[in-house]
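Presented below is the structure to which this report refers.
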Amino acid sequence: MKNKMKTAALSLVIASSLITSSLTLAQENLSQNQSESDELTKSQLTEDDFNGGFLKIGYGYKTEISPYHSEVKGGSLFVNGRYQWEGLFVEAFYGANERNEGLSIGYNFLNTEQWSFDINTVLAHGEIKSEIFDTDKIFYQNFDSTQMVGLRATGNFDQSTVQFMLAPYSLNDELDKGVYASLWLGQSWQVKNWQFHSSLGFTYRSADILDHYYGISEEEASEHFQAYKAGSGVDITGQLSASYPISSSLLFESYIKYTDFASSINENPVMNFASKEFGILVSYVF
Amino acid sequence: MNLFHKKSIFSHALLSQSLFTHGFNYLLLISLMIVLIFSSSLYAANNQAPFTLTITPKQCVSVEQGQDCYVDIELNWHAEQANNYCVFSSVQKEPLQCWTNSREGTYSKEVVANSSIQFSLRQVKSTKVLASQQLDMAWVYKKSARRNASWRMF
């Protein structure tokens, strides 16, 4: 059943790539037939127009309560950037106003008026390393992070943004099965020179992924940590942020983020609380 | 008086004369510099622009290129001769404000714009620009072909 699901997801990714490639060819043919006096539209833009990127480095105060590491409270560095060249891109998101998904590399293969389509990596789950002493047993949690590869579609509609991601391929040798998917909705609005942004995200991980990180086998079980089999689940994240331009290179930012984990994560014997994060910083934008 | 003594007196005389000449040259040089400086100041004072217009601040910054930018500006103008003057902006035909029989004035207002604005000082019922200043637009993020503004959200 799982193999069939993975095959179906793979077929969907391949089919999407083929369809969108065909659309690209069709759009190119259409643009060749248009007259020179036509106004330049996004479909006529070349890859050169999408080359480039941005880099933002900030420093400020951050508090973070997360089940994955000890509480963070104090000065913190924030780095966010993206660079694209001839379709290939690298993204680094470690900080405010973003989903803090770390490093991602990929290929942007299609752009329409409202949509961008990429194949890229995504951090499906971070590493977990801990030791828990329970009576006469030590319960070890030692898992590397899992990067997966999939298809991403991002839509922009004035001040609203929507992004889908479907990643059926794992780059983690210890976890070669599983499906990761996400849906993010974002809305921006301007009040004087303040820019406010809200986003809501739903992150799905299949049972293979969650059981790998949160399952407890019979051999691992101890007196207070019973055997547990995790099913698939959806995390829900909400974020609010505010930005104000201090100068053409300096940006004041503040954000607050809350994540409610899937019930299959919260019900495991080891951890069961939500993640909260707050930050206030000044960033330099290159 | 022997030859050496004569030479000594002569050398002393030559040295004194040399010192006097050098000293006089330095004094002459310093005097010339003072005159030049004073003349420059006098020239500048006599040739000061008859009309001045200043704007504060000179720039408005928004988060993204193309967004409306909000800024409280203050325009100060000065004229050598009192007359009827008006301040204009490039975004409207009617004057922002006019002054009657005045030599100076101040105009303050919140401005909302997404492109640079030119402000000018003119006499009433005249199209001749007496002085001008520009409010420039700036931004943190430049617009790019990639519409999904990664910096904003993801």
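The values are calculated or read from the model by the stated rules, or taken from the named source; none is laboratory data. Just so it is clear, the model here is predicted, and its values are computed rather than measured. With ideal geometry, Cβ positions are generated from the backbone for all residues, glycine too; neighbour counts draw on all protein chains shown.
Data overview
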{"read-out": "Test for B:THR54: is it modelled with pLDDT of 80 or more, in a strand (DSSP E or B), more than 14 Å from every other protein chain (Cβ to nearest Cβ) and closer than 30 Å to A:LEU251 by Cα", "value": "yes"}
{"read-out": "Matching residues in the range B:124-149 - criterion: being hydrophobic (A, V, I, L, M, F, W, C) and at pLDDT 90 or above", "value": "B:VAL124, B:VAL129, B:LEU130, B:ALA131, B:LEU135, B:MET137, B:ALA138, B:TRP139, B:VAL140"}
{"read-out": "Number of positions in the range A:117-170 that are polar (S, T, N, Q) and either surrounded by fewer than 16 Cβ atoms within 10 Å (Cβ to Cβ) or over 30 Å from B:LYS143 (Cβ atoms) (or both)", "value": "10"}
{"read-out": "Given (1) over 21 Å from A:SER241 (Cα atoms); (2) modelled with pLDDT of 65 or more; (3) touching a Gly at 6+ places or on another chain (Cβ under 9 Å), number of the condition A:VAL13 does not satisfy", "value": "(2)"}
{"read-out": "Among (1) crowded, with 17+ Cβ neighbours inside 10 Å; (2) out of contact with any Ser or Thr (no Cβ under 8 Å at 6 or more places or on another chain), the one test that A:GLU220 misses", "value": "(1)"}
